[in-house]
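Structure first, then comments.
The values are calculated or read from the model by the stated rules, or taken from the named source; none is laboratory data. The structure presented is a predicted model; accordingly, all values stated were derived computationally and were not measured. Here Cβ is always computed from backbone atoms with ideal geometry, including for glycine, and neighbour counts include all displayed protein chains.
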């Protein structure tokens, strides 16, 4: 597994890199400055990222948000900042494991595994949420198409739905696709 370390204090990163290597991670670059993290992640494509910073500042949070949107990956944030505000903002910015005042580099392997597990869980939940939103949107389009059929053909709701199903089966398409075609046609005619 490839690991990248971003920090605002390169002097304190050596023990972390050694501990990560001892846990089986391949550190793919010397510690990079925090302001370059998005570029380096895009170029090097690591499997995880450790961010080492003294305090969680707005520029750090901005970099983390940008990274989360452009190239999401498991992120461990190590900092001396243990305020609830900093923790909440970091989690919202895409951090998967937030560790305040960690003086034990030997724990880094476990922290990376926690970050990877939380990242995978978060990604699965986002995919499930997106699938649910898509199903709901499709269901709304089907309801709209049924309404169009009911009005234009003077059908009851059940009959309109059965007509949609029959059209879908006859054309070997999903009901949602047929509903979209009916809506598009109705929009053209109105």
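Within the range 1-33, can you find the residues that are assigned to a helix (DSSP H, G or I) and within 16 Å of residue 75 (Cβ to Cβ)? Passing the criteria: 16, 20. Among the residues of the range 157-190, those identified as farther than 23 Å from residue 133 by Cα and surrounded by 11 or more Cβ atoms within 10 Å (Cβ to Cβ) are 157, 159, 160, 162, 163, 166, 167, 169, 171, 185, 186. Taking the range 50-61 as the range and being surrounded by 13 or more Cβ atoms within 10 Å (Cβ to Cβ) and outside any strand (DSSP E or B) as the test, the residues that pass are 54, 56, 57, 60, 61. Residues that are in contact with a strand residue (DSSP E or B) (Cβ under 7 Å, 6 or more places away or on another chain) and in contact (Cβ under 8 Å) with a residue 40 or more places away in the chain were ranked within the range 29-49; the one that is surrounded by the fewest Cβ atoms within 10 Å (Cβ to Cβ) is 44.
Residues in the range 68-82 that are touching a strand residue (DSSP E or B) at 6+ places or on another chain (Cβ under 9 Å) and either assigned to a strand (DSSP E or B) or within 16 Å of residue 116 (Cβ to Cβ) (or both): 68, 73, 74, 75, 76, 77, 78, 79. Of all residues in the range 100-128, those satisfying the criterion of being touching a helix residue (DSSP H, G or I) at 6+ places or on another chain (Cβ under 9 Å) and farther than 19 Å from residue 67 by Cα are 100, 102, 104, 105, 106, 107, 108, 109.
For the range 121-134, a tally of residues being without any contact (Cβ under 8 Å) to a residue 24 or more places away in the chain and surrounded by 11 or more Cβ atoms within 10 Å (Cβ to Cβ) returns 3. The residues of the range 92-110 that are crowded, with 21+ Cβ neighbours inside 10 Å and at pLDDT below 85 amount to a single one, 108. Does residue 166 satisfy being outside any helix (DSSP H, G or I) and either at pLDDT 95 or above or not assigned by TED's automatic domain parsing to the domain that holds residue 90 (or both)? For residue 166, the condition - outside any helix (DSSP H, G or I) and either at pLDDT 95 or above or not assigned by TED's automatic domain parsing to the domain that holds residue 90 (or both) - is not met.
For residues that are out of contact with any strand residue (DSSP E or B) (no Cβ under 9 Å at 6 or more places or on another chain), assigned to a helix (DSSP H, G or I) and within 15 Å of residue 23 (Cβ to Cβ), tally how many sit in the range 83-112. Looking only at that region, the number is 4.
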